[in-house]
Structures are given as C-alpha cells and as structure tokens.
Amino acid sequence: MTILITGAAGFIGSHIVLKMLSQNYNVIGIDNLNDYYSVSLKKYRLKKLKKFKNFTFIKTDLAKTLDLEKILKKKKLSVICHLAAQAGVRYSISNPNIYLKYNIEGFLNILEYCRKNKRTNLVYASSSSVYGANKKVPFSTQDDVSNPVSLYAVTKRSNELMAESYFNLYGLNSIGLRFFTVYGPMGRPDMAIWKFTEAIIDNRPIEVFNNGKLSRDFTYIDDIVNGIEKAILLSKKNKFKKHELYNLGNNSPVALIEMINILESVIGKKAKKKLLPMQLGDVKKTFADIKKSKRDLKFEPKVNLRQGLFSFVNWYKEYHKK
Ligand SMILES: NC(=O)c1ccc[n+]([C@@H]2O[C@H](COP(=O)([O-])OP(=O)(O)OC[C@H]3O[C@@H](n4cnc5c(N)ncnc54)[C@H](O)[C@@H]3O)[C@@H](O)[C@H]2O)c1
C-alpha cells in the first residue's frame, strides 16, 4: 500500500512518515519546505526519512499543484494523509492571505485528486481551534463550532465542511482529526513549549499570556501518531463509507503556569516570567472529549506532560548541543 503524506518535513508529518516507513509501507512525502520557521529543522527531519528505501520525497507547493496525478507519475495511492498547512493561530492575525492559499486552495487540490481517484481515501488534519470560544468542556465533535476566534480556525473548519461536501457530492470517504496542542521531539519552534525551553536555557524572560490563566490539553506526539495510524487503517476498511471527525487530545488539560513549573523542574532552572494580557486569536482553554476516538480508533493517550517534556528537553539539548 502506498501512502501519500503531505507536510512530511513538518513536525507531525515527519513523525507519522517514520512510523509508517518502519512498518514497511511505501510512503511518498510532499512538502514545500517554506520558511515559516527554520528550514534547516525541516531538512533535519527529512534527513531521517530519506534513510529509508521505501520513502520518496517530492518538493512541491500543494496550493499551486493543480495536477497532483502528473507529479505522482500516475502512481496509485491507497490513502492520502494530508497534514500540510500553514499552522499557528497568532501568525494568522498578521498574515491572513497565506492561510487561504495553503489551507484552502491546497486542500481543494487534494480533494480534487481524491475525487478523480476514487480508491484513495483521505485522512486530514483539523484542529482544536475550531472550538473557538466555546465554553462547554470537554469539547465534543457534536458541539456547535460556529464561533471561531482566528482565521486559522476558519480555514480548518472550512476544510471539514469541504470534506463533508465532497462526501455528499461524490461519496469521498474521509476522516478529519482535530489535534490538540501537540508537542515532543522535532517539534515546532513557534509553539510555547519550544519557545519557553529556549528562553529558560538562554536566561531570557518567557512571555506568559493572560497572566498564565490559560490551559491546554497538551498531547504528546507519539500518542498523536498512534491516533493518525489508526485513522489511516480505519479509512481503508471496506465498511468505512463516510466523512467522520475525531478529537485527538490528551483529555487532561494543564494550566499554563503548571506546565511552566514542570518545564522548570525538567530543565532544572527557574523561568523569568513576563506576564502579559490575553493575545488576539487565543482561547482560554482546550479540553478534548475523546470518547468517540477511544471507541472507533482505540485512541488511548499514554504519555503525561512530565514524561513528554522530559523527552522534548532531552531532544532539544541534543539538537542544539547545549
Ligand atoms: N502541532 C499542533 O499542535 C497542531 C494542532 C492542531 C492542528 N495541527 C495541524 O496539523 C498539521 C501539521 O502540523 P505541524 O505542527 O506538523 O506543522 P508544521 O508547520 O511543522 O508542518 C506543516 C508542513 O507543511 C508544509 N506545507 C505548508 N503548506 C504547504 C503547501 N502549500 N504545500 C506543501 N507543503 C506545505 C510546511 O513546509 C511544513 O513542513 C497542520 O495541518 C496543522 O494545522 C497541528
């Protein structure tokens, strides 16, 4: 079975590619290697993937790739796992256009490929940000999600609606995964855990928004990868004929201040905290209801925040040789 994984040089993409390669699947990875954050980090991840003979990498921008079939040289795909997107809530405030290009046009090109190639099922990344300013917790896929607080969230919700329309129109089977604050080795430098780690080690102050009165359902990368793999397998079952949404979150939110306390103890150094007001586009709390994911994907997050931060900080130090 050949799987196409987009965003392969990204944080989550590189981890799921590694997992599928180690199980002998043939994997084609696509990424445009854009410079939203360090391109050398993306190349570092790719280097690990290129060690496998069953991996092929194609550098292309999916927003511009109208004829994916030509690029894939007519190779038949069993599943597309579409993770390529412009991520980040805060960046969508200052750079809205790129979100429409990468997240909407890029996604449409993937849907069009699947429409023309009926046997290719789709698993794609959505986000907990679709829950926006919802008050009711934990967030369930049954909840109303018409209250977004960022354009990033709008593009992710739009992807879900686009997938739903392609199911209704053309019977395209797909699974949307709403990820909750993913962290771990080879993570993203624009996210809080990386930024805080870097600042604490370098003796710089950390920026703590909403005076620390935020909480997140931090989810370790290995748990996310297990969930994605189960979704890929579910999408290939003959009886799977629908568009379905699942939350992939830890189901155990942690206050930002508590996360900082744990990080300080893992690094062995106190943080200098700069308390700041709430940021535009941010939400106060995320908390995943994972009953449906447990039932259908056997999704069981196993790594707690202390263990996960320990693995991240070890990797971070090794990567920077600090
Ligand atoms: N990391 C999280 O906490 C989190 C949470 C919710 C949702 N998500 C979603 O999960 C997916 C993966 O996130 P990530 O954290 O690995 O982000 P990432 O930025 O590390 O990975 C995305 C990759 O996609 C590539 N890319 C972007 N636009 C592209 C395009 N038009 N054509 C080809 N490649 C393109 C980028 O170069 C990057 O390598 C994204 O869709 C993101 O929105 C992530």
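The values are calculated or read from the model by the stated rules, or taken from the named source; none is laboratory data. Source: prediction; values computed, not measured. So basically every Cβ, Gly included, is an ideal-geometry build from the backbone, and we count neighbours across all protein chains shown.
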> Do you know which residues across the range 161-190 are surrounded by fewer than 17 Cβ atoms within 10 Å (Cβ to Cβ) and part of a loop (DSSP other than H, G, I, E, B)?
Replying inline: 171, 189, 190
>> Under 8 Å between Cβ atoms, which residue pairs at least 6 apart in sequence (or on different chains) link something in the range 109-122 that is within 20 Å of residue 61 (Cα to Cα) with a partner that is among the polar types (S, T, N, Q) and not in a loop (DSSP other than H, G, I, E, B)?
In response: 110/6; 114/121; 114/174; 122/174; 122/235
> Checking residue 31 against (1) crowded, with 22+ Cβ neighbours inside 10 Å; (2) more than 15 Å from the ligand (Cβ to nearest atom); (3) among the charged types (D, E, K, R), which test does it fail?
Replying inline: (2)
> From the list 38, 78, 94, 14, which residue is in contact with a Pro (Cβ under 9 Å, 6 or more places away or on another chain) and either within 11 Å of the ligand (Cβ to nearest atom) or of a type in the set (Ser, Thr, Tyr) (or both)?
Replying inline: 38
>> I'd like the residue in the range 216-238 that is polar (S, T, N, Q) and outside any helix (DSSP H, G or I) and, out of all such residues, is nearest to residue 196 (Cα to Cα).
In response: 219
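Could you check the range 191-215 and list, in sequence order, the residues that are assigned to a strand (DSSP E or B) and crowded, with 17+ Cβ neighbours inside 10 Å?
Answer for the range 191-215, where residues must be assigned to a strand (DSSP E or B) and crowded, with 17+ Cβ neighbours inside 10 Å: 206, 208, 215.
Condition check ((1) among the β-branched types (Val, Ile, Thr); (2) without any contact (Cβ under 8 Å) to a residue 12 or more places away in the chain; (3) under 23 Å from residue 155 (Cβ atoms); (4) surrounded by 23 or more Cβ atoms within 10 Å (Cβ to Cβ)) across all residues:
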residue: 1; (1), (2), (3), (4): no, no, no, no
residue: 13; (1), (2), (3), (4): no, no, yes, yes
residue: 16; (1), (2), (3), (4): yes, no, yes, yes
residue: 24; (1), (2), (3), (4): no, no, no, no
residue: 75; (1), (2), (3), (4): no, no, no, no
residue: 81; (1), (2), (3), (4): no, no, yes, yes
> Can you find even one residue in the range 232-254 that is in contact (Cβ under 8 Å) with a residue 24 or more places away in the chain, touching a Lys or Arg at 6+ places or on another chain (Cβ under 9 Å) and exposed (fewer than 15 other Cβ atoms within 10 Å of the Cβ)?
Replying inline: no
>> When you scan the range 33-49, do you find a residue that is more than 28 Å from residue 319 (Cβ to Cβ) and either hydroxyl-bearing (Ser, Thr, Tyr) or modelled with pLDDT under 95 (or both), even just one?
In response: no
> Among all residue pairs at least 6 apart or on different chains, which show Cβ distances below 6 Å where the first residue, located in the range 278-291, is at pLDDT 95 or above and the second is surrounded by 14 or more Cβ atoms within 10 Å (Cβ to Cβ) and basic (Lys, Arg)?
Replying inline: 286/216
>> List the residue pairs whose Cβ atoms are under 9 Å apart, where the first residue sits in the range 298-322 and is at pLDDT below 95, the second is part of a helix (DSSP H, G or I), and the two are 6 or more positions apart or on different chains.
In response: 322/201; 322/316
> Would you pick out the residues in the range 47-72 that are crowded, with 16+ Cβ neighbours inside 10 Å, of a type in the set (A, V, I, L, M) and either in a loop (DSSP other than H, G, I, E, B) or in contact (Cβ under 8 Å) with a residue 60 or more places away in the chain (or both)?
Replying inline: 62, 63, 72
>> Among the residues that make up the range 90-102, is at least one of them assigned to a loop (DSSP other than H, G, I, E, B) and at pLDDT 95 or above?
In response: yes
> For the subset of the range 41-75 comprising residues that are within 30 Å of residue 116 (Cα to Cα) and among the aromatic types (Phe, Trp, Tyr), which member is farthest from the ligand (Cβ to nearest atom)?
Replying inline: 52
> Given the conditions (1) buried (at least 21 other Cβ atoms within 10 Å of the Cβ); (2) of a type outside the set (D, E, K, R); (3) under 27 Å from residue 112 (Cβ atoms), and given that residue 263 satisfies all but one, which numbered condition is not satisfied?
Replying inline: (3)
>> If I go through the range 1-46 residue by residue, how many of them are within 20 Å of the chain's Cα centre (by Cα), assigned to a helix (DSSP H, G or I) and either over 25 Å from residue 88 (Cα atoms) or of a type in the set (Gly, Ala, Ser) (or both)?
In response: 5
>> Give all pairs with beta carbons closer than 7 Å in which a residue from the range 129-140 that is under 14 Å from residue 291 (Cβ atoms) meets a residue that is at pLDDT 95 or above and aliphatic (A, V, I, L, M); count only pairs at least 6 apart in sequence or on separate chains.
In response: 138/288; 139/288
